[in-house]
Amino acid sequence: MGNQVEKLTHLTYAEVPTSDPTGVDQEDCPRIGVSYIFSNDDGDLEDNVVGSEKDPKQEENYDTCNEVECSVFYRDECVYEKSLRAGDLSTCSPEHLLNTCKPGDLVEFVAKNQYPHWTVYVGDFQVVHLHRAEIKNDFMTDASQGRRGRIVNDVYKFKPQKPEMVVQNAMEQVGARDRELSWRNSECFAAWCKFGKREFKIGGEIRIGKQPYSLKIQLSEKKSHILEFQSMEDLIMERRRNDQIGKNAVIQELVSHLHSEEEVRTDHNAHWD
């Protein structure tokens, strides 16, 4: 019958297969292989939240301590890192960001229970971003929708393009919408503008063979969990889902999954005793 591929969207860890029958790799870090095939665009979902209008309480409620610290590897090379060790995760108001942003900077806006929203600063207090299935040119204060933000030029480890090229990439796409879009969410679009890599585009990589990408989720100072993916696009979708639900919920999912997996192994061993 060959391999069959199911449509996978916003999975919990209990619903995906492990890459190893025991769920443990050589370094004793559990691994789970995840693949999103033709799944829904979380760029639409990130706007479907209560209080999408500017809400002053959003700045007060966001807790950076509940952010998921993680690293992304392509084979053995680290290509993304978000952690307190790697850099400052603090956020500030859009008005404050306007005093520090330079054209070509990537800005991430965050709020509790929402997908992060990425934009490209193009100068004159304006950003270009993918919002509700359209590339738009808006004032930063409007694009933020009351969320706090931070500059995220350095979380991806790829070589950036020159600032003027980043701005040109973004401005050339303004007005593109629906079927014209080549990016699944605001982060993929902004990162493509910055680095120009096809891996950020829809279908930019063929999902065949071994999963070359791994997402290392830092659960504590000494404990981590690894997920494997066949494409950068798939990995970004799962990482953004983790960002949306927060560190505490991610840990709870993993605990539930690993506990269920241990019960299955125990029942299996009891059956053969």
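The values are calculated or read from the model by the stated rules, or taken from the named source; none is laboratory data. Values in this document were obtained by computation on a predicted structure and should not be read as measured data. Note: ideal-geometry Cβ built from the backbone for every residue, glycine included; neighbour counts use all protein chains shown. When the accessible area is computed, the model is the full protein with side chains, heavy atoms only, and any ligands, DNA or RNA have been set aside. Shrake-Rupley method; radii C 1.70, N 1.55, O 1.52, S 1.80 Å.
I'd like the full set of residues that are buried (at least 17 other Cβ atoms within 10 Å of the Cβ) and hydrophobic (A, V, I, L, M, F, W, C), limited to the stretch 132-151.
Once the filter is applied, which keeps residues that are buried (at least 17 other Cβ atoms within 10 Å of the Cβ) and hydrophobic (A, V, I, L, M, F, W, C), the stretch 132-151 yields Ile135, Met140, Ala143, Ile151.
Taking the condition within 25 Å of Leu89 (Cα to Cα), modelled with pLDDT under 95 and among the acidic types (Asp, Glu), does Glu261 pass?
no
Which count do you get for residues in the stretch 82-104 that are out of contact with any helix residue (DSSP H, G or I) (no Cβ under 8 Å at 6 or more places or on another chain) and buried (at least 19 other Cβ atoms within 10 Å of the Cβ)?
Summing the residues that are out of contact with any helix residue (DSSP H, G or I) (no Cβ under 8 Å at 6 or more places or on another chain) and buried (at least 19 other Cβ atoms within 10 Å of the Cβ) in the stretch 82-104 gives 1.
Name every residue in the stretch 190-231 that is without any contact (Cβ under 8 Å) to a residue 40 or more places away in the chain, part of a helix (DSSP H, G or I) and either surrounded by fewer than 16 Cβ atoms within 10 Å (Cβ to Cβ) or of a type in the set (A, V, I, L, M) (or both), in order of residue number.
Residue satisfying the conditions is Arg198 alone.
What strands (runs of 3 or more DSSP E) lie completely within the stretch 33-129 and have 2 or more residues being modelled with pLDDT of 95 or more, of a type outside the set (D, E, K, R) and under 20 Å from Asp234 (Cα atoms)?
70-74, 77-82, 117-123
Just the residues that are open to solvent by less than 40 Å² (accessible area, probe 1.4 Å) and not in a loop (DSSP other than H, G, I, E, B), please, taken from the stretch 152-186.
Tyr156, Val166, Val167, Asn169, Ala170, Ser186
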